[in-house]
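Written below as structure tokens is the structure these notes are about.
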Amino acid sequence: MNQYNRVVIIGNGFDKAAGLKTSYKDFIDYYIKNAVGYFFSENEYDSELLSIREVKVNYREPLMDRLKALENKESAIAALKFIEGVSKITYKHTYFEEIIKNNNERWVDIEQYYFDKLMSIYNLRGHGNSIAHKVSRIKQLNSFMDILTFKLNDYISYIDSNAKISYSNSPLSSLIEKSQTSLSNEISSLVTRHSRIEDPNNVIFLNFNYTNTVRSLTNNSFVKPNIKHINIHGQINNSNNPIIFGYGDDTNESYYKLEYEDNNELIRKIKSFQYPRTRNYHHLLNILESKEFDVFIVGHSCGLSDRTLLKTIFEHNNCLAIQNFHYKGESDDFNKRMQISRHFSDKALMRERVLPFDSNATIPQTQ
């Protein structure tokens, strides 16, 4: 057969499998713990997101106990409820208070929250809700997202700098090796265009994370030299490839309403306008056009916040097949299959390309 490529879509589940605390919940726990810790040191904490002041004297020791509990897996939500009862917490952005108290755990949920909030502001009706008023509120929402992106960069920098991951010490190395070999004969026979599939010519790691985990695992002599990396959502501390954090579905009717208003602030955080800041997106398109490819999905939620990009990949004429890698067995794979389907307009094509559950297609977990 003709040579083909493999696109390995890497999401936050990959970093979590590597033992890194990179989820939204991890970020919030870290932020609250450091805010309370700073308050104990300086008797006051003030940042762009919140401030803590005026703790009642008799509660300083219980508050310290709560801070220690955060290190032992207590949720930031539970700690904050206690802190609010014994001190004065001021949220600089109501959006920050909302996403904390919604108890979300995934970054994709925050991106979806952003778009839902954006549309709820835009759809306000009645006296006082002129387009100018709506734009003013959306500017505040976008400003909050800018601050959150900055804080996210700092947090991921901390996590990445302390990560000790290599090919020799990570169970994910077996997955890296598997990404360079052909699908099993049983599975490959389901790909209708070819009766037999050889090893991929090139393996492109399409990294939606901001860490260097994948590069650390592939930077050794055991891995074939046919590896390419695209950090599609940017990298920490890299002004030439800045972090992209927003919403990525410009195919729905709600988006068209925003675009029709002819005000750039309304669509500033849509990912389609962030991608052209680098050559990454067009580099990916060139790879997709160059030859046929199959897709591995490893730890990506396949949420709607990345719909435009995922739809481009999944429905591309050169796409042969899509294999999901799971870590909770068939139920996890089943739920992911439903998420994947939302990126297909052609459902018959989806049924052809999305491969059945494979018990061997697992994401090894670091204990």
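Every number here is computed from the coordinates shown, using simple stated rules; none is lab data. Remember, it's a predicted structure, so these values are computed and weren't measured experimentally. For neighbour counting, all protein chains shown are included, and Cβ atoms are generated from backbone atoms with ideal geometry for every residue, glycine included.
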* Which ³J(HN,Hα) values, rounded to whole Hz and listed in residue order, are derived for region 238-251 from phi using the Karplus coefficients 6.51, -1.76 and 1.60 in 6.51 cos²θ - 1.76 cosθ + 1.60 with θ = phi - 60°, glycine and proline given as x? -> 10, 5, 7, 9, x, 4, 9, 9, x, 9, x, 10, 9, 10
* Amide H neighbours of Thr362 under 5 Å, counting only residues 5+ apart in sequence or on other chains, H built in-plane at 1.01 Å? -> His326
* To do: State, to one decimal in nm, how far the label point of Thr94 lies from the label point of Tyr260, with both points 7 Å from Cα in the Cβ direction.
  => 2.7 nm
* How long is the gain from Lys228 to Lys68 if the chain were fully straight, where each residue apart is worth 0.36 nm and the alpha carbon distance is subtracted? -> 53.3 nm
* Arrange the following residues from fewest to most other Cβ atoms within 10 Å of their Cβ: His233, His316. => His316, His233
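Using every Cα-Cα pair within region 24-103, state what percent have a distance larger than 22 Å.
Values: 434 of 3160 pairs.
Looking at region 24-103, the distances longer than 22 Å represent 14 percent of pairs.
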* So between Glu44 and Ala78, what do we pick up on full extension, going 0.36 nm a residue minus the alpha carbon distance? -> 10.2 nm
* To do: Would you kindly derive the ³J(HN,Hα) couplings of region 117-129 from the backbone phi angles with the Karplus curve 6.51 cos²θ - 1.76 cosθ + 1.60 (θ = phi - 60°), listing them in order in whole Hz, with x for Gly and Pro?
  => 5, 4, 6, 5, 5, 4, 8, 4, 10, x, 4, x, 9
* Average projected area [Cα convex hull, the chain], square nanometres -> 20.6 nm²
* Structure fact -> Note on the chain, DSSP bridge orientation, antiparallel percent to nearest 5 equals 20 percent
* To do: Check cross-link reach from Lys271 to the lysines: straight Cα distance under 16 Å, and skip same-chain residues fewer than eight apart.
  => Lys311
* To do: Please give the helix 280-290 orientation as an angle from the longest Cα principal axis of the chain, in degrees from 0 to 90, rounded to the nearest 10.
  => 20 degrees
* To do: Would you please give the residues with an amide H less than 5 Å from that of Gly234, counting only those at least 5 places away or on a separate chain, with H modeled from the backbone geometry?
  => Ile244
* Relative contact order computed over region 24-103 (Cα-Cα under 8 Å; 6+ residues apart), in percent -> 36 percent
* Report relative contact order for the chain in percent, whole number only (criteria: Cα-Cα under 8 Å, sequence separation at least 6). => 24 percent
* Mind checking which lysines have their C-alpha under 21 Å from Lys33, skipping anything on the same chain fewer than 8 residues away? -> Lys16, Lys21, Lys25, Lys56, Lys68, Lys73, Lys81, Lys88, Lys92, Lys101, Lys151
* Roughly what angle does helix 24-42 make with the longest principal axis of the chain, taking Cα atoms, 0 to 90 degrees, to the nearest 10? -> 30 degrees
* Asked: Residue separation times 0.36 nm, minus the C-alpha to C-alpha distance between His282 and Asn237: what's the value?
  -> 14.0 nm
* Helical contribution to [θ] at 222 nm, DSSP H n ≥ 4, -39,500 (n - 2.57), averaged over the chain, rounded to 500 -> -13500 deg cm²/dmol
* Asked: Under 12 Å from a point 7 Å along the Cα-to-Cβ line of Glu54: which residues of region 81-96 have their amide N that close?
  -> 86-90
